[in-house]
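Here's the structure we're looking at; comments come further down.
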Amino acid sequence: MESLFEKQTSHFLSEIENCSNHLNQITETLLKTEDVDIAISPKDLVFQEDTMKLYHFRPKKKGICSVPMLITYALVNRETMMDLEEGRSLISNLLDRGLDIYIIVWGYPKRIDRYVTLDDYIEIYMDDCVEYIRKARGLEKINLMGVCQGGTFSTIYTALHPEKIRNLITMVTPIDFDTDDGLLNIWSRNMDVDLMVDTLGNIPGDFMNLGFMMLKPFQLMMDKYIGFVDGAKDTARIESFLRMEKWIFDSPDQAGEAFRKFLNELFKKNNLIKGELEIGGKKVDLKKIHMPLLNIYAEQDHLVPPSSSKPLGDLVSSKDVTTKSFPVGHIGMYVSSKSQKELSPTIADWITQRSSGIEKEKATSRQATSTKATKKNHPATILKRPVKKISDQ
Amino acid sequence: MEKQEQKMIQPWMDVTKFWQGMETPFAGPDFFSKWNEMIQETIGKAAGQSKKGLGSDVLSRTMGASNVFVALNEFWLEALKDLPELHRAKRDDIKTRKIFNRWSNGYKKVFEQLVGPPVSGTAQEMMTFWLNTIQKSQAATGLMWNPWFQAIPQLQAHVEKFMKGDWTALSESHSLWREVYDETLGRVFRMPAFGMTKEQTERLKRTYDAYIQFLYSLPNLHQFLYSAGMEALKEAFDKVKKLKFEEMTPESMREVYKIWWTTNEDTFFELFKRPDFSDAMAEALNHGLRLKMRLNDLSTDWCKALPIPSNQEFEEVAKTVHELRRKVRLQQKSIEQLQQKLEKTP
């Protein structure tokens, strides 16, 4: 019969053997790796303005949903999270289901962009992208999906231009900032944002990342890497981990003035839901959002708590409001296996059902656009710096 | 078992010699670190030759995290040896306290290693900057304390309290010190200067004042972090007490690790939610920013003679470029509107 010593020694040796094998595998793979690809779905650059770029994903199926959807991601981190790798790509799943997708890529603000404001992002860059798509597709209205901070932008944009948006989708979107459920909401109350922007200019991406890691310091700074050694059984898993790492540390700086307004007006004063936020000289009235709304939030979101996202449905005047939650965290919304199975069908089915009858609208739209331009002396579309089609992948 | 031993034991023979024949494999306190040193040496050599990039970055982060894991394992190996005694001393408060103190001292060493290695290069720099600043502040404080001790008799009592392990004394003594500083040396730093070098002197004195304010905002923040760390340890200690030493396996060692990090995560989460922590963090951040602003002013002044634009000048250019971009956009829109009008005119 094995003694306690023998039993423990046996366990111990096999543990060391496993760990050594994993470390060898990791080392071998990592030393061969200089980079890994993310953002896998083929797309074309169709429009560009300053650091902002508008891409059109190459459709996989045609004729299922004829109203294109514009995706607006946050200024924090990058939109590549939604298209991380084969098998973990919300974009790819939506393309599989016949959606026609455009995406805004905000780029990396440099020192020269320090004075770019929230108004510029929403009223100039976003609006120019919407205008580009409307003109290119001959449509009066398009579908808009905003993710995280991009969801807040999309909500504001839709309230300012309801005539251009057919359906609005918000994902893990902060709307009510006056909540004690999120550490970012609590911490930002005491932050002297003016001092920060006046001193630093643009807010460094690494500073933002450090703040995000502090939300779960032991998990994000340590256990994640220990788990990596433990689970590194093959090259595919190691590369998958590398892709997440690449995304996490790919953090653009935040344009100073836009950061100032977002923190002061939204995080500190909660002016969006009070109806006191002004963008481009106009008050943002959420009641002007009357089109169908799909509001999606993550039940275990530590960055944007559900209490911040959920109220949107009650603040708009839309009669067709769907609020849907998933039992995942903020990042899990894009990459977890559960959301891979359920999220894209939810979005695709919802939007396809509400985008029918478009051919009829297209015709009236063209007519309406020309009438509008003549009567109100207002051009329907202004296309800046049209860009030749460039293949990005 | 034999095959496994043959396969594994030879390369590790030198390292494992010291615990062979002992009652339990958990008896070797530095087994993990020796093993880790060997791994690090081998992998480190290979990593040193690799090209810079994502792979190399992640490797160093992983190695950093594995260092922490090793330190933790060693701590737990030591701590687990106490489990039988702890079990026997269940109702003996003095003995339990003694064991806890032993754990607590070992834990402090581990805690010191936690900040830094597993994060990105820049984040690491930011953290080490803070840690270096604290170390420097401690060194500077040592030089500065004596005159203050003589001038503020109450400080002595606070320091004695702190030496006995009462961390609130640290915060109290810093508040007292700052109060006295503000009324004495602080006034000297903030008073107007005169003469030829008036502006330079004032700039320098303001920077020094900002530096002092920043240094003394840090201990308050660290007191929160330290207290939470110790609170988490006590909680983890209580949870681990329930484990049975005789049934300890590598799997349950992982369970111990899981208890440790999840308990810490929860405790720190509760701390981070507290408004007083948020105040302390904001205070330290704001003082840090004010210091940065003063340093920017100083460097601008010092670089005046060089043929390079200052931050302020660059900011002006950025602002002008932004305004010009807006103007161009508006004019472009007007031109296009006019063009459309013209096209529609018969």
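What follows draws every value from the coordinates through simple rules; no lab data is involved. Just so we're clear, the structure is a prediction, and the values are computed from it rather than from any experiment. Here the Cβ positions follow ideal geometry from the backbone for every residue, glycine too, while neighbour counts run over all protein chains shown.
Loop-located trypsin sites (Lys or Arg not before Pro) in the range A:47-121 (DSSP state other than H, G, I, E, B) with a sparse environment of at most 14 neighbouring Cβ atoms within 10 Å: A:K61, A:K62, A:K110.
The label point for A:K283 and the one for B:N105, both projected 7 Å from the Cα toward the Cβ, are 6.8 nm apart.
Applied to the range A:219-228, the Karplus parametrisation 6.51 cos²θ - 1.76 cosθ + 1.60 on θ = phi - 60° returns per-residue 3J(HN,Hα) values of 6, 7, 9, 9, 4, 4, 6, 5, x, 4 Hz, with x for Gly and Pro. Footprinting exposure proxy ranking of A:S251, A:S14, fewest other C-beta atoms within 10 angstrom first, gives A:S14, A:S251.
Shape verdict for the range B:205-346, please, from the Cα gyration tensor: rounded (a/c under 1.5), prolate (a/b greater than b/c) or oblate. The shape class here is oblate. For the range A:253-262, putting each phi into the Karplus relation 6.51 cos²θ - 1.76 cosθ + 1.60 with θ = phi - 60° gives couplings of 5, 9, 4, x, 5, 5, 4, 4, 5, 4 Hz, in residue order, rounded to whole numbers and with x for Gly and Pro.
Close amide-amide hydrogen proximity is noted between A:I279 and A:V284, each under 5 Å apart and 5 or more residues distant or on a separate chain (H modeled in the peptide plane; Pro and chain starts excluded). The reciprocal of the average 1/r between distinct C-alpha atoms defines the Kirkwood hydrodynamic radius, which for chain A equals 22.6 Å.
Amide H contacts of A:I296: A:T170, A:M171, A:V172, A:K324, each under 5 Å away and 5 or more positions distant or on a separate chain (H built 1.01 Å from N in the peptide plane; Pro and chain starts excluded). Annotation: amide H of A:I165 within the under-5 Å range of A:I142, sequence separation 5 or more or interchain, hydrogens built in the peptide plane.
Starting at the first residue of the range A:155-167, write each ³J(HN,Hα) from the Karplus equation 6.51 cos²θ - 1.76 cosθ + 1.60 with θ = phi - 60°, in whole Hz, x for Gly and Pro. Each residue of the range A:155-167 in turn: 5, 4, 4, 5, 5, 7, 9, x, 6, 9, 10, 8, 9 Hz.
Against the longest principal axis of chain A, how steep is helix A:235-248, in degrees 0 to 90 to the nearest 10, with axes from Cα atoms? It works out to around 50 degrees.
Between A:L45 and B:L338, the modelled label-to-label distance comes to 3.1 nm, taking each label 7 Å out from Cα in the direction of the beta carbon. For peptide A:238-246, the mean count of partner chain Cβ atoms within 10 Å of a residue's Cβ comes to 2. Cross-link check: pairs A:K62/A:K141; A:K53/A:K282; A:K283/A:K341 evaluated at a Cα-Cα cut-off of 30 Å; pairs beyond the cut-off: A:K283/A:K341. GNM on chain A, alpha-carbon springs under 10 angstrom: the most fluctuating residue among A:I175, A:I165, A:I331 is A:I331.
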